[in-house]
Each structure stands twice: as C-alpha cells, then as structure tokens.
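Here's the structure we're looking at; comments come further down.
The values are calculated or read from the model by the stated rules, or taken from the named source; none is laboratory data. Because the structure is a prediction, the values reported are computed rather than measured. Please note: Cβ atoms are built from the backbone with ideal geometry, for glycine as well, and neighbour counts cover all protein chains shown. Just so you know, the surface numbers come from the protein's heavy atoms only, side chains and all, with ligands and any DNA or RNA stripped out. Shrake-Rupley method; radii C 1.70, N 1.55, O 1.52, S 1.80 Å.
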Amino acid sequence: MANPVYAGETRSLRSTGCDPNLTYLAAERPAGRGRARLSRDLGNCSSSNEKIAAEPERANFAPSSLGGGCPADRGQARSSSWLAEGRKRLVQSGRKERAMRSPSLPGNVLSLCAALVVCFEVARGQQALECHPGGHQILQSPYRSVDFDSSRLQQSAIQDLICDHSLPSGWYRFLIFDKQAEMPTKCVEMNHCGTQAPVWLSLRESESLPQPGEIKHLTACATWQFFFSTTEDCCLFRIPVSVRNCGDFFVYLLQPTQGCMGYCAEVASGAELQACQTGERETTCSEKLPSSQLPLPLPPPPSTPEIVAVLLEGSIFLRCSFDVPTTNTSVGFLVAWSRLSPESIKEELKQETTVQAFSLLELDGVNLRLGDRIYCSSSTFFLEKPEMQSSLIESMEFFAGIKLHPEAFIISEDGKEYRLTIESKIPIPCPQASQLENDCKISLKLRTIEEGKGPQSLNVALSFCSVELLQHPCHNGTCGHASIHYTAVTDFTRNGERVTRIAAEPIVSDNFLWNGYMVESIQVTVKDLPSAYCYSFTDPHIITFDGRMYDNFKAGTFVLYRSTSRDFEVHVRQWDCGSLYYPASCNCGFVAQEGADIIAFDMCSGQLRDSQPHLSVKSRASADSGVRVTESYSGRKVTISFSSGAFIRADVSEWGMSLTLRAPSLDYKHTLGLCGTFDGIVENDYHDVDGTEITGGADTYTSFINEWRISPGESLFDQIPDLSTPAKEIVLCNCNAGDVGEDQPANKLNSVFEAELSLPCRRNKQNNWLPSLIPGLDVTAEYIGSLDPIRGLRKRASVLEEVSSAVPSREGHSLNQRALQTATPERTALFLNSKTGFTTHKQAVWGRGADSYTDKFGSQRHRKRHSRPKRQHDYEYLSVFPSQSLSQTDLDGFSYFFPEDHMADPYQEPMSSWPTPSGLTESDALDLCQETVANSSIVRACKALLGQRVNDVVDLCIKDLQLKDDLSWAKAGLALLENECEKRALEEVNYRTGEEDKGLSEDLLLALKCPNLCSGRGHCVEWGCACFQGFSSYDCSTSSDQVPEVTELNNGGLCDVRQYDCTTVRVFGRGFMESPGPRCEINKLQYSDNKWVLRESLFTHATFHNTRTVDCQLPTEGHQNDGLDLVDGQPIAKWQIKISNDGFTYSNPKTVTLFDGACQICDPQSNGFCTLKEKTCNIDGLCYGEGDTNPTSPCLLCRPEISKLTWSVAENNQPPVFQNMQERLQTFYGEDFVYQFSATDAEGSAVAFLLNSGPPGASLSPAGLLIWKALSKKPELFTFFITDDCSAETKVAIEVSVKPCDCLNGGSCVTDTNFPPGSGNICASACQDLKVDIAKKTLMNANPDHASLE
C-alpha cells in the first residue's frame, strides 16, 4: 500500500544535456532571476521524466538540487566552488603548465574551461546523475533489513508489510537507521525484510558488484515456497536490476515486483567501501572524489510527530506537534494528514506548509469522525532553498475515540479477575445547556455477546454493566478513563474454548460528534479448566479427585480437602458406625471453611441411629456471603455451596452420612488432603502435608491417612481460626446482550465502590450460575438470617458457659430446651421462630430407614439391629446431659467431646472372609448388589453416562455387605450414582437452565427428580414425587397404615426447668408421616399414694421434621415447682407422649420428666427417677446448690452445713473499701459544702454510709452525700461508718479545712465550679463585681444628675 502523493514529492527531471553555451551563460550572467532560472534548467540533468513516488515506509524524498550536476547553481555563492573544482581538474588533467603560463587569461574563459571539464567527465560517467541526491530516491525502512522477522508484522500490523508491486521504476539507494545499506548477495529466507517473499541480488560465479563509477546489469531473485513444496526456492522469481557504484554507496535501478515482494537490504560491512582501483591502498572512493561531487547536506528531519486531541473554544481539534531541529538556517515544515480506511488504505485528508511546529485538524464528525485512525507526517525544508527537504517522518497511529483495553485476551475458568480499562483519547464534552461539572460525562452501557451461543449463555461476567467517563484534563494522551473487572464464569461443563465479545451500545448524547458513536468491541477467549468430584461413601470408601480408590476405616478427625491457592478447607469426622464383626467407620459430620464463611453439618455428638445432624453457621463473611444451602429428596441430600463453585453434599442416613465434594477449576493442581491432589495424576494422590508424594510398600496408604489426621482440639469442629480481613469483594454482573440492567455505573464522582451495596444489576455468584438436575429447596434463609448469627450464638453460649465448662462428656442440650433468659429483650429476640428469619438452627432430615431385601431364594434376610452402646457409658456420666446430641449453641459456642479423637489408634486391617458370620456368601452378595444397583432407576436411565462407575459402586456394595453383614447397606451407594449422573450429564450434554429437556433423555430427568420413580406410589412432578394418598416420603415408599414407633425422647426425656424453657419436646422414632399431619397425645402423670397416675389426655398437632423426628408442645402448667415438696425427691412434673399419623392409631408411649436440676439428680435409665442432692438449700420454695449466692445480696450464700432453709453469711465476707478520690478536702467560710463519698464491696454487695460525728448541721446520706454549711473558721473532722448487707463495716475519718473569704463590705464568696468539689476554690470575679457595685453607688450619691448613667 502506497502513501498518498503529496506536494513536493513529484519532480519533473528534464534532460538538458551539458550545453557549453548554457554553461558559459550561467558562468557569466550576473546573479538574478534569469540566472536562477538557467541554473534550474542546468541542474535538472536526468535521462528521463519520472515521478519520485513515496515508498510504503517513510520515504526520504530528496528534492532536486545541484549537489553534483552540471556546473551551474542558483546562487552566486557556489560559483567560486565550481570554478575551483574546474581549476583543480585542469591541473589534474595535465593542463597545469598552460594555466601557469597564461596568468592574464580572463576569468570567464577559465571558468568556461572548468565547467566544460566537469561536463565532459559527467558525460563519461565518472559521476553519474543517479549518484546525485536529485537522481535517486532513498529506501530507509528498517523493516527491509535481512535480520527483521516479518512474521511479527503478520501477527500485529499486517498493513505495514512491504509490498513493492507498486514501487515506481527508478534509481534507489538503501539506508538502515541512517547507515549505508546494500542489497544482499546471498539467499534470504522467506518472511524476512518486512515481506513474505524477500528479493536479493544474485551474482553468478563470474559476476561481481561494479567498481566505483561503474554500472552493471544484474539479476535479483525472490525467495518463495509453494504450499505443496517442502523446501524454499531461493530464486523462484527473477527481476532485472542495474547497479551503479557511486563510491560511497550503491544505487539500484529497481522496477515493480510481480507480487507482494520486497527488496532486501543489509548494512554495508566494515567502515570502508570497495577501493576505487585495484592495487591502491585501502582508501574509499570518497577520499578520491572532489568534495563538490559529494551529496549536499539536507535539513535535519523533525522529531517523530505526536498527535493529541485538544478542546479549543468548544470544538475538538487534533494537534500534530513535533520538535524543531537545530540548524543555522531557517526552516519550514511540510505536514500531511491521512487516515486509514476500512480497507486499510491511507487516505489523504490535508496537507499544509507552515513555519510552526504543529498543525491542527478539526474533528468535526463529518470529514473526520470518532473511531478514525489518524496519521500525520512532517518534513523540514530550508526556507531559502525549499527544494532542500528532509526525509518525511510519520507519527504513530492515533485512534480518535474510546478503546477497551483488557488485561488479558485469553482467560480461564479459574476464578481470577482481570481489569478492563476504558480510555478516551478525545476530551469528554459538557452539555451545552448545563453548567454543572457532574454533567460532563459520557455513559457507556456494556454487554457481553457469546459467539455462537444463545442469549442465555454466560461465559464472562463484568463488575459493572455500565461505566461513566468523566471530564478530566488530558494527560499522556488520555482524556478520560474508567476501569471495571471481568472474569470467566465457571460453569462446570465441558464446552471447550468459547469466544465472548465485550461491546458497548451506541452512545446516546446531545453532542453531534458523540451521538451514535459505537466503541469497538474486543474479543475474550474463555478456556475450559477441569473440575472434579471426590467421594467419601459409607465405610467410607474414598474416590479421589483423580479417581484413585481406597478405604479409610479409621475413626477420628481428618482433613478431607485443602486448597493451597486460597483459604478453603474441609474437615471430616468419622465414628464407628455399627459394624457387627469388623472395625469400620463412617462419616458423621464435616466443617467447611471458605474465607470467613465456616459451616458445620454435624451429628457426631449423639448416638448412632438416634442422632440428628445439625447445620450451624460458625462464622460468616457478610450478610450476602455467597453461601447457599439446599435440601433435596425431603432433606436426604443437603448441599452447601460456596461462591467459588465448591460444594459439599451430604447424603444422610441413620448411621451417618456419605459425602460428595466438588473442586472448582481454580483449585486445579492446588489441593491436598484425603481427596488427593487434583492434577490428573492418580499415582501421586498419596502425599504428606507438604504435598510430597508418599512412596513405600503396602502400608503407604495407611501412612497417608495418618498424615492427615487432626489432633484433638485443633480442627474446625473445635475452634474457629483467626480470620484475616477478606479482600474487598468485587461484584459481578450478568451483562449478557438483552439482559443489561440499569445498574449504577462505575467511576461515579462519589466513589467507585460506593454503589456496590445498592447495585441493581443481576449479581452473580458461581453457585448461582450452576444449574442442577436434582430438584432442591433453597433453605439458605433459614440458616443465614438478617441478624448476625455469630453475635447471637456467642451471647447465648455465654449463658451456658459456666455450666458447660464443668461437663467433660459430649452430651449436651437441645435447642428445644431453650435457655431461660433474664437479660435484656435484645438477647431474647435471638430465639424467635424460624419464620422470622432470625433462626440459626434447623434439623436436617432424611427418608425412611433401612429396608429388607429379597434374596434369590425368595426369602427375606432380617438382621437384628445391634444398637451401639450408649457413648457416655465409656466416660464419666452426668445425668443432667444424658444420651443426646448437642444443640447448635454448643456446636457454635464451644467445642464438644469427641471420643474418637482421644482413643489410641486400635486400627487393624479387617480380616473379613466369605461367608460372613450370618452365612452370606460372596455370590449372594454379588447377586444382591448387582440387582440393587443395576435395577435401580438411576442406573437404568443414566448407564450410558455412568460407565465404569456402576461397577465401582457394585464393588463398594459387596465390601459393605462383607464388613457389616447387614443387607440394608446394599442401597447405600445409589446416592453416589445420583451425584455422578448429574455431574456427567451437566458436563457431557452442556446443559443450560431453561433447556432442561434439550439433549437429555426424559428417563434421566425423571430418575434424578424422582428417586425410585416414586416407588410406583406417586406422580413425578417438577419438584419431585407427589405421593398418592396413604403414602409419603421423598420416594413415596412409606405407607400411612404404618403405625409410628417412638424410640427416644430428646435428652433422654429429661428437662431441667432451671436451665431450659421446657415447652417443647423432640420425639425420635420411625414411620412419622407429614400428611395429613402427625398428632401428639399428652397425658400428665400425677404422683399419688407413692405412685404416678395418668390423668386426662391432651391432643395437639405435632411439628413434622422428617419420618424420624417430630416435636410436641407441652402444656405450660407444671413448669415451676408450684410449692411441690421436693424433700421426697419427686420431679416437678411428668408427661407421657404418644404419636399418631392419622389421629386414631398411636405409637408406644415415652415419658418426659421435668425436674429442678439445682436440687435433683434424675436418671433416664430408671424411668426418670430423681433424688435430692445432698448439699442443697431449700429457701423460699426454691433449691440452691452449695455456694449459690442470694440473687439480691451476694454476701449471703447457701451453706447447707449451717442452714438448709435460710441464707447464711459468707464465711470470709470482706468489709467495704472506701474510695478516697482526693488527698485533701477544703472549703471557704460561708460555702454550702457538698461532697459525694464512694465505696465498693468485694462481694458486690450494696453499701451504706452512716455519719458518726461531725460539726453541727452536717448530714451524710446512706448513699454517701455529705452536706454542710461552713460557718467555722477552723478545720472540722468527720467520722462515719460504711457497712454492707452482711454488717461488715469500715470506719472512716475525714478532715475538711476552712479558709477565709476576702470579700469586703459584706460581700460573699462564690464557689468556682471549674474545679472539683472539695477543692475550696473561689470565683475570681466575685469580689471584683462587688467592688464595682459599691463604686457605682458612691458616685450616684455624690452626683444625682448622673443617676441615670450606667
């Protein structure tokens, strides 16, 4: 592509020859316009008329001059140099003697001779016309260098490739960085010299470059390689080239190439050129040629022009400025403006000649618009010799508009956030009708456009969907800027690389220039990164992120998953889950931490098959932290998702829970723990805490498991780590095309981040972007309410802290027995019902218990359930907290005792064998597992996606049956297949919300929505199973005809009225149904004639939690002792509880006992039998333990050894301590002395003051306030007693000194209130005011006429 032809770049070179007559006239004619005209004619010596066209690079356009042409010039100043040169040549040609003999020869004759000599030498070719500055053009692009790799241009600026197909024929000289250059004479590889096909000078063996002054006709070759060829052809194209040696340099007669080829150049080697003649010493030709024949110096070029935008009188101009070169001669500038067309062709806009070092071009929106790419070129010329022009220097491209500058064009689904900078090179306008600075802005609405995807697809999220560019002074070429962030959306699907365009909608403005301007969009490529699942199921059998399978039968607390790239960790606890013959453990709880969010889901504090998991928020980052809790299958699946995309899913059973963990792509190659390394390498999953692979023999995996065991008290179960202040969260928005919200823009005048709290754009969290095929109920609000849960939990925990600190066992208190509150209402508000949004506790739920399975012989194997021994029997037993899981207060407020952490590791590899002790053979187990797994609805619908995972679950099933010898474990692995099916369906089918049925079979969707296809007892609807009448449960497997069974009451059926509000009791059992609704039958037991007798029945509705848990409301009567004689040890009240599903058939009864824990000890194992504590006091109908203080008088204690019916004085009661605030008390005569004494009591008892002695009129209140009129002129002594409630007293003596009042004439002193009471300071102005009043009265009496004067 050629530059436009500018004025001054075309010269008409007229061939005039060397006419002696013209030469004579030129030599003799006086200086003037006529002589100058002749000089121009004589100076334009050329062989033909031609145009010196511009080269694609910065061509050096040398204007025609007489630097070496015929002996004539435009000025008289050079005549003498020509004459001197002529005389010199005459002498050199042997005419020296003749010249010396004719000293009187006229000067004009001698000048004529000299000129003729020069013309004859030119005619002989000793200094050809093409060697002069006006006889050739200069090619000086550095791209032409043989060392330049053209591939860089092809990648970034293909428009700058050198293509000489439009090069005008003519003589050319090469320069590279102002150094002499020549065409190379060796083959040049393709993609060099700024072109694809480089052209070089080919010399045969018999050929050489011309000698100085000589010309040769040679051949140039172009290097090329056809696509079907494997090698390059160095001379595929041939071009004739003539070469002349001008002494200091070569000039080449070049012609246009056949295609997009380019002539190559290389810097001349060495400091000297080829010698003029063979055999002479090594001197260059420039030493031998006369100085008059060397190129004349050109004006120095200007510096590289720089374009900036300026605002002048309301209009925007582009200013092209450059530095003025230093020269002794005045110079002018030739400036040319051009722009790049959409076809990448430079179009001329304007050219001007100026003496200023800048040029202006208006950005008017018509001839020059926003979005144009502008160039300006500048060259210098001598004002006295305009034809003497420097090389043309071109500016860098100037983009007239707004550009988007992304930090990276290729991003990955790794959660990393990148900065997108929006810059305007043009000043931001102000509305014409507004004078407010805030109105000077341009608003951009951004959107993301996913290439090739539907409008709902989202691959890139932005922190803002709109930005505002505010008016600022232009600095470094930037007149306005803003920045937002963008990130790749982790969608957990395998959809390859996707391209997203970040674009802006057309600008809407009342400014003509800006209205309708559309900013150029950018493309961002999003690369997939793998995500992975880790499974810890049943015993547990663990499948790592990379797919390695092993078993961890050990009990204790372990690190399951730890990220090394961010603050994320999952700890898990495993307990003995009831294996009859072999050691095996199961998961009973986990705690997950991401940043400041710490969530626990735990049932490890209770009893096997009777414990319920509690979900608690141990710590929370913010009110909108991104944590999400969902329940599926009526609570059998509980999923906790974090903003990073990681989740932990618990499939809950009566024996514990199986866990599924998802690692997001941002943790790729950054995980440690029992779930492995997540790097695609199975072999290195066994590693230590430093990530080093553990190698060895058969015990390698045992060492690996022990490496990740957590010591007691150091896990997230027991303590909350020190949480560093999290980085300020950047809000991410869905700015997909068509969904751009009217969000608050970035870069507002107030603050960039000020709008985050009220941002209306669609805020996205990674877990919200993830679709789910398993229907779930979002119950996040039930756990994370509007109040700060941690603050509330810690307040509540403090109430029980004193009690719990003395409890070494793990048994605790249920939330249903709410601690009695005697504090302020704000503390009571923490225990509102969950519907208010303040709750921080909820019981997780699950489906029916274990089923019996039919074997191949048609009979049923029934396993007698071996109950696990009560865990507290192994430790010190405290009857107040028997056999019950801890409440959320216990979990969040303080740690509980987990015995498995404190046991010595008794683990031995299970030596199981076939048949099992019950007679189950390996063949029977295989048949049962294959039937259970293969015939399940999930495998039938999803077998194509599950693949080998089906066989893996069958193997796990066989191992479970062998270790447990219990057929009910056969179905335990189906939950793994449900989770794996959902994972693979989302990955392989590229599922998207709103297209549920696309690419997925109806059977697969039904199997995931409705487990076991609702057991044939219900319809599968969008949210799960809708059971037929008479059936319930998440899979409709429970019949309403089933009589419920009550297995246990909360806390063993005991409730301490002194500690808890015993209004609700939680009932555990089997077969509870939600519809039509369970009912509670409550009978109060009356103690009469040494026995408990049932009274009338009360019926209430039960609160259904799941098929194993309901709550019953107790009547309010009987919650206090009601004057009941506690001496016989009987409890305050007893209630018998039964549960019915239909209101007709009731379960077996269980009894709840209400007692006063301060005086009684009750044993749940003996049907609630209670006994009185030995060291207690029964005072005013209430019991107090030894050492308990009187609620109103702390110095009174319960001391049973002194009295069990009245309060006793504390044995070591300390007397009150007087607080002397000042070393000395003083007053002045006549002052009303008031002073407040204070004292404290060590036991916290109230104190009283009693005046013993003092001056007349003094009084001392019981609260310690002393009042006295100081009418004495000597110090006075006050003595008084200070006593507490238990008559302990302290005697105090205080002396108060009295100073006189200096006021005269009956004046009185005033207390200075700027000093503390008792300091005796007098107000300084009091007496002075009195003297002024006396003086006024005296003056008035002496001069009555001035009585009115003031």
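What is the residue count in the range 1036-1053 for residues that are buried (at least 20 other Cβ atoms within 10 Å of the Cβ), in contact with a strand residue (DSSP E or B) (Cβ under 6 Å, 6 or more places away or on another chain) and touching a residue at least 40 places away in the same chain (Cβ under 8 Å)?
Of all residues in the range 1036-1053, those buried (at least 20 other Cβ atoms within 10 Å of the Cβ) come to 1036-1038, 1044, 1046, 1049-1053.
Still in the running and in contact with a strand residue (DSSP E or B) (Cβ under 6 Å, 6 or more places away or on another chain): 1036, 1038, 1044, 1046, 1049-1050, 1053.
Among the residues that remain, those that are also touching a residue at least 40 places away in the same chain (Cβ under 8 Å) are: 1038, 1044, 1046, 1049-1050, 1053.
Total satisfying the criteria: 6.
Screening the candidates Gly480, Gly516 for the property of being surrounded by fewer than 21 Cβ atoms within 10 Å (Cβ to Cβ) and closer than 30 Å to Lys445 by Cβ yields one hit, Gly516. Among the residues making up the range 1193-1242, a single one is open to solvent by 50 Å² or more (accessible area, probe 1.4 Å), under 19 Å from Thr1290 (Cα atoms) and touching a Cys at 6+ places or on another chain (Cβ under 7 Å): Val1209.
Taken over the range 957-982, residues that are open to solvent by 20 Å² or more (accessible area, probe 1.4 Å), in contact (Cβ under 8 Å) with a residue 40 or more places away in the chain and farther than 17 Å from Gly656 by Cβ amount to 1.
If I ask for residues that are part of a loop (DSSP other than H, G, I, E, B), open to solvent by less than 10 Å² (accessible area, probe 1.4 Å) and on the phi < 0 side of the Ramachandran plot, which ones from the range 651-676 would you list? Steps first, answer last, please.
Initial filter on the range 651-676 (part of a loop (DSSP other than H, G, I, E, B)): 654-655, 664, 668-670, 673-676.
Adding the requirement that they be open to solvent by less than 10 Å² (accessible area, probe 1.4 Å) leaves 664, 673-676.
Result: Pro664, Leu674, Cys675.
For Lys1091, the criteria (1) over 30 Å from Phe1169 (Cα atoms); (2) surrounded by fewer than 18 Cβ atoms within 10 Å (Cβ to Cβ); (3) among the basic types (Lys, Arg) hold in every case but one, which is (1). Apart from one condition, Arg940 fits all of (1) over 35 Å from the mean Cα position of the chain (by Cα); (2) open to solvent by less than 20 Å² (accessible area, probe 1.4 Å); (3) at pLDDT 90 or above; the exception is (2). Across the range 461-472, not a single residue is classified as closer than 30 Å to Asn684 by Cβ, surrounded by 22 or more Cβ atoms within 10 Å (Cβ to Cβ) and in contact (Cβ under 8 Å) with a residue 40 or more places away in the chain. Listed conditions (1) assigned to a loop (DSSP other than H, G, I, E, B); (2) within 19 Å of Gln1214 (Cα to Cα); (3) open to solvent by less than 70 Å² (accessible area, probe 1.4 Å) are all met by Phe1281, apart from (1). Restricting attention to the range 497-513, the residues that are open to solvent by 20 Å² or more (accessible area, probe 1.4 Å), farther than 19 Å from Cys465 by Cα and either in contact with a His (Cβ under 7 Å, 6 or more places away or on another chain) or not acidic (Asp, Glu) (or both) add up to 3.
Applying the condition of being closer than 24 Å to Arg204 by Cα and in contact with a His (Cβ under 9 Å, 6 or more places away or on another chain) to the range 141-169 and asking which residue is surrounded by the fewest Cβ atoms within 10 Å (Cβ to Cβ) yields Asp147. For the range 483-492, the condition holds for at least one residue, the condition being that it is open to solvent by 10 Å² or more (accessible area, probe 1.4 Å), touching a residue at least 24 places away in the same chain (Cβ under 8 Å), closer than 17 Å to Gly415 by Cβ and in a strand (DSSP E or B). Put simply, of Ile694, Ile648 the only residue that is open to solvent by 30 Å² or more (accessible area, probe 1.4 Å), modelled with pLDDT of 90 or more and touching a Phe, Trp or Tyr at 6+ places or on another chain (Cβ under 8 Å) is Ile694.
Working carefully through the options Gly589, Gly606, find the one that is open to solvent by less than 10 Å² (accessible area, probe 1.4 Å), out of contact with any helix residue (DSSP H, G or I) (no Cβ under 6 Å at 6 or more places or on another chain) and part of a loop (DSSP other than H, G, I, E, B).
The match here is Gly606.
Scanning the range 612-635 for residues that are among the basic types (Lys, Arg) and either at pLDDT 90 or above or not in a loop (DSSP other than H, G, I, E, B) (or both), we see that the one that is least open to solvent (accessible area, probe 1.4 Å) is Lys618. Tallying residues that are farther than 14 Å from Ser1245 by Cα and in a loop (DSSP other than H, G, I, E, B) within the range 1169-1220 yields 20.
Among residues that are under 18 Å from Leu560 (Cβ atoms) and either at pLDDT 95 or above or open to solvent by 60 Å² or more (accessible area, probe 1.4 Å) (or both), Glu729 is not included.
Can Arg566 be described as under 22 Å from Val591 (Cβ atoms), modelled with pLDDT of 90 or more and in contact with a helix residue (DSSP H, G or I) (Cβ under 9 Å, 6 or more places away or on another chain)?
Working: under 22 Å from Val591 (Cβ atoms): yes; modelled with pLDDT of 90 or more: yes; in contact with a helix residue (DSSP H, G or I) (Cβ under 9 Å, 6 or more places away or on another chain): yes.
Answer is yes for this residue.
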